Each structure stands twice: as structure tokens, then as C-alpha cells.
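The values are calculated or read from the model by the stated rules, or taken from the named source; none is laboratory data. The model shown is predicted, which means the values in this text are computed figures rather than measured ones. Ideal geometry is used to build each Cβ from the backbone, glycine not excepted, and the neighbour counts take in all protein chains shown. Heads up: the accessible areas ignore ligands, DNA and RNA and are worked out on the full protein's heavy atoms, side chains in. Shrake-Rupley method; radii C 1.70, N 1.55, O 1.52, S 1.80 Å.
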Amino acid sequence: QSREEPLRSTSSFVDGSEIYGRIDDIYSIESMLLSETDHQDSHVPLISIVGTGGFGKTTLVQLIVEDKEVKKNFETRMWVCVSQPFNLERVAKSIIEEATGYEVDTSARLKLFICQMTCLRVLDLSKTYLEELLDKTLKLNWCGSLKKLPKGIGKLRNLRHLELERTYKLSYFPRGLERLSCLRTLSKVVLDCDGGKGCQIGELKLLDHIQGELRIEGLGQVADSIEAVLKKKEKLRSLDLVFSEESDEERHDDEEERKRKENVLDGLQPHTNLAELRIEDYEGNRFPSWMMSSINSALPNLVKLKLRNCNQCSELPALGRLQNLEHLELWGWAQ
């Protein structure tokens, strides 16, 4: 059924003067309800009334909800109609409104909920009907246990800032990043390493408004890095390019694999405004031309350069051409 189909609405009001033959049923159910109120444990009881349609199940519940004894023993009573097609978000919204007496902005409630999740591991927004979840900012900084971003991340079309600093265990970005064209802040992105199910580097193509810092992880699995078009991202000031650190068993020593990684780095030339560059776990034999003979024109504003575990390269970039370079770090160089 279409989710746009109107719901059949009911209320708890009932005229009991014309209803007969329900006394025993009412007494039986009320006894169960009132006996539950005597217990102080944390479980929530559920009493189901089932039967063929048209036999008066709704009427029976209406009589119970409006009974004097029930009113006396239950400070809060709520009547929420659940009909087909079932919509969890709509039902939850109705329950909250019945309990509080105020109209609820579901998106606002969810925003507050997300902001309080300091130990978030997985947030799945799949199959939700939310038109808008967060209008500007999603901060997940220091969520040390966070491993995955939700599959529905692409639904947050108005998102401007996605902050993911110090999320060291975050290893999966779903597809859909390219739909976040309003993004201004993207702390890092983890590229797919699972056969095409996750984020692809081409999804960065349309994110021309991102600024500040960007860390790209998983470059060792990339095929065509030029699709990221980093050269057009003129507001980026700091860029980390991380090729996955491989174990001895995973490491490929063949020339073809090294050549592929050299092509990947070659396609990641940033905008000339870049001030900080870090390259990590790169296993090519050489750096691309934009870091060698053309480095003075490709990176004229570079102030800080960090090269970590680029241990297959026998020649450093032409550092003497970088007139503004102030900070240089070299780690894990075997040659």
C-alpha cells in the first residue's frame, strides 16, 4: 500500500449507555492492568486484544480507557491510532504529542538525540521517511568507537559540516556523499575497500565548497583518482592523503602495482592555495611531477609538508623550490 494513504483515525471517546454485554471483559482486563501497577519492576506490560474485525475490539478498549478506576490509577493515559500502512516515525510522534500535549518536530528531536550520542558505533537511517534530519552540522568528533556512518547519510542534503576528528576506528563510509553538495566541512572520508559497496573517490567531485582540512583514507584501493578533482577545491588548506598501511602478506611488490599507486597520487594534485600536505603509506617509486619539477607552481603556498612511510621513494620532492615552506617531517624512510 502507498504510504500516502490516509489513516483511519479513532479516539478514546465512547458512549457506554448503548453498549451491553462487556462487563466481564472489562473487569478481566482492568484487573490485569491494575495488578500490573502494583509491581515496581522496570518491564512494560503489553495486553493484546485480538479478534475478527467488527466484533468490538476498539469499543472494548475505549470503555476501559475511560473507566473511572483506570483514570484514578493511571496519571497519564494516551490514545494513539495505529493503522495501515504502518509508519514508525508517525506513531512515535503521536505518542510523544499525546504524552506531552505539545506538537513535536521529529527532526528537532532526532537532532538532539544525535548530539547526545557520545559512544555512537552505528547510526542507520535506512528506510526512514525524514525529509530533513540535520540542516547544518553533524559533529562526531572524538567518537572513538564509531566504526560506520549510516547508510542514509546522503539524505542529509542540507548538511554543511560533517566533523569526524579523532574517529580512529571509523572505517566505512556508505555511498551517497556526492549528494551532500552543500558541505563546507568534511574532516575525513574513508574510501571503499569492500568491493564497491562503500564510498568511491569520484563522489568528491561535486564537493567543491569543502574548506579547511580533509583527510582521505584508503587510497591504496583506488583506480582513477583524478575523478576527485581536488584541483578545483580552492578553499582547502590542509590535505592528508593516506594509502592503506599493508601487512607483509598483503603488500604487492610487482612493478604494475607500484605504477598504479603512482598514477593515483599523480591524479590527486590539490589547488595552489593548499598550505599543508601530508602523504602517508605511499608505496610508489617516485613522487608525481607536481611534487617534483613543477612543485613551485603547483604548491606555491605550501607551509607544512609531512611524508610518512613513503619508503620506496629514493628521491625527495624538490623542497628547495618551496619558498614558503616552514615545517618538514620525514618518517619511516628506508632509503
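Quick rundown of the values:
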quantity	calculated
Selected residue (only one of Thr37, Thr59, Thr10 is at pLDDT below 60 and surrounded by 10 or more Cβ atoms within 10 Å (Cβ to Cβ))	Thr37
Cys143 under 21 Å from Ile279 (Cβ atoms), free of Cβ contacts under 8 Å to residues at least 60 places away in the same chain and surrounded by 20 or more Cβ atoms within 10 Å (Cβ to Cβ)	no
Selection count where residues are among the aromatic types (Phe, Trp, Tyr) and under 34 Å from the mean Cα position of the chain (by Cα), scope the stretch 275-306	1
Unmet requirement for Arg286, which otherwise passes all of (1) in a loop (DSSP other than H, G, I, E, B); (2) modelled with pLDDT of 90 or more; (3) open to solvent by less than 50 Å² (accessible area, probe 1.4 Å)	(3)
Residue that is at pLDDT below 95, open to solvent by 10 Å² or more (accessible area, probe 1.4 Å) and either charged (D, E, K, R) or within 23 Å of Val189 (Cβ to Cβ) (or both), where the choices are Glu250, Glu326	Glu250
Some residue of the stretch 100-114 being modelled with pLDDT of 80 or more and in a helix (DSSP H, G or I)	no
When residues of the stretch 188-214 are limited to those that are without any contact (Cβ under 8 Å) to a residue 40 or more places away in the chain and closer than 14 Å to Leu140 by Cβ, the one surrounded by the most Cβ atoms within 10 Å (Cβ to Cβ)	Val189
Single residue of Leu162, Leu156, Leu183, Leu177 found to be closer than 21 Å to Gln221 by Cβ and open to solvent by less than 40 Å² (accessible area, probe 1.4 Å)	Leu177
The stretch 302-321: number of residues that are touching a Phe, Trp or Tyr at 6+ places or on another chain (Cβ under 9 Å) and part of a strand (DSSP E or B)	3
Residues that are under 11 Å from Leu177 (Cβ atoms) and touching an Asp or Glu at 6+ places or on another chain (Cβ under 7 Å), drawn from the stretch 190-230	Val190, Leu191, Gly198, Cys199, Gln200, Ile201, Gly202, Glu203, Lys205, Leu206
Qualifying residues in the stretch 289-319 (those that are among the small types (Gly, Ala, Ser) and within 15 Å of Leu330 (Cβ to Cβ)) - the one most open to solvent (accessible area, probe 1.4 Å)	Ser314
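So that you can scan it fast, the table gives a plain yes or no per residue for (1) aromatic (Phe, Trp, Tyr); (2) in a loop (DSSP other than H, G, I, E, B); (3) over 18 Å from Glu203 (Cα atoms):
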site	(1), (2), (3)
Asn141	no, yes, yes
Ser145	no, yes, yes
Pro150	no, yes, no
Gly154	no, no, no
Asn158	no, yes, no
Glu165	no, yes, yes
Tyr168	yes, yes, yes
Glu178	no, no, no
